Amino acid sequence: MSIDLHTHTTASDGTLTPAQLIEHAAGVGLEAVAVTDHDTVDGIEEALEAGKQFGVEVIPGCELSTTSPQGSGWLHIVGLWVPREPRELLDAFEWLQQGRFDRNLEIVDKLKRNGIAITYEQVADRAAGTVGRPHFAQELVALGVVSNPEQAFREWLGERGKAYVPKRKLSPEQAIETLRKVGATSVLAHPYILGMSMKRLEQLCTHLRANGLEAIEVDYTEHTSQQRAAFGKMADRLMLMRSGGSDFHGEVKPLVKLGTGRGDVDVPYSVLETLKNYRSEKGLWVTERP
């Protein structure tokens, strides 16, 4: 049976509610799913209840955007097994969410200055939880400014877009330490996005491991077979555990399917077992199969 340790719901910028995500996971035959919304755990309780209903093991998680080394792409840290009421993490979320709100207002202002009739309220109406760039992309499609969300990111919302605004971030060391304090397992997400040479990436991962990083996403939607092999070998060299997932968002990323990504993601349950055994050996709690 397969699993997916990187997914998003309406609690952040996905288009399925947590319960719908878990029902969908059961429908496609997944045995376990980690709910890893951006800078929030608001969807976790609903997902856990749905897991009991549909017989899917739900791993409560989150995804933190952090600062990146100069000249590289995004650096995200996924946290797995986030506990209920993670005080230090909630404090970090509050700081990040205020930054996200300020950023959204600045994006609106930039779009208006480019002649687009858009309001924050219009965009916020599209979000059940945290308002993010995918909701702006949906609104730009609805307004006829672009034909699809991918074009919205390419021309307006991505790093080279006319309305791009950088977001407030923790350092990766701060993110890893915050997750450690609440007893969550830290994972370097989608390393390909960093755009680094393998030598430089291994130096970064060596540094992050010294600061508490525990795993790396090896099997991921945008990773080529060659990258998966290279990331896997690097993880083994550095004694980092392997993780993997689709980064499913729903309709805003229609080509990325839950559990399989673009068709070739296949994370076996043994990956989750390794992570769980590691946590059990450290005396940390783990989820159980339904």
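General remarks:
- Whichever residue in region 231-249 is of a type in the set (A, V, I, L, M, F, W, C) and touching a strand residue (DSSP E or B) at 6+ places or on another chain (Cβ under 9 Å) and, among such residues, is surrounded by the fewest Cβ atoms within 10 Å (Cβ to Cβ): Leu238
- Residue count, region 1-16 (criterion: buried (at least 18 other Cβ atoms within 10 Å of the Cβ) and either part of a loop (DSSP other than H, G, I, E, B) or modelled with pLDDT under 95 (or both)): 9
- Checking Arg100, Arg113 one by one, the residue that is modelled with pLDDT under 95 and either assigned by TED's automatic domain parsing to the domain that holds Ser243 or farther than 19 Å from Val35 by Cα (or both) is Arg100 and no other.
- Residue within region 181-190 that is within 21 Å of the chain's Cα centre (by Cα), at positive phi and not small (Gly, Ala, Ser) present: yes
- Lys199 being over 19 Å from the mean Cα position of the chain (by Cα), charged (D, E, K, R) and within 29 Å of Leu258 (Cβ to Cβ): no
- Scanning region 158-174 for residues that are of a type in the set (A, V, I, L, M) and in a loop (DSSP other than H, G, I, E, B) yields Ala163, Val165.
The values are calculated or read from the model by the stated rules, or taken from the named source; none is laboratory data. It should be emphasised that the depicted structure is a prediction, and the values quoted were computed from it without experimental measurement. Neighbour counts run over all protein chains shown; Cβ positions are idealised from the backbone, glycine included.
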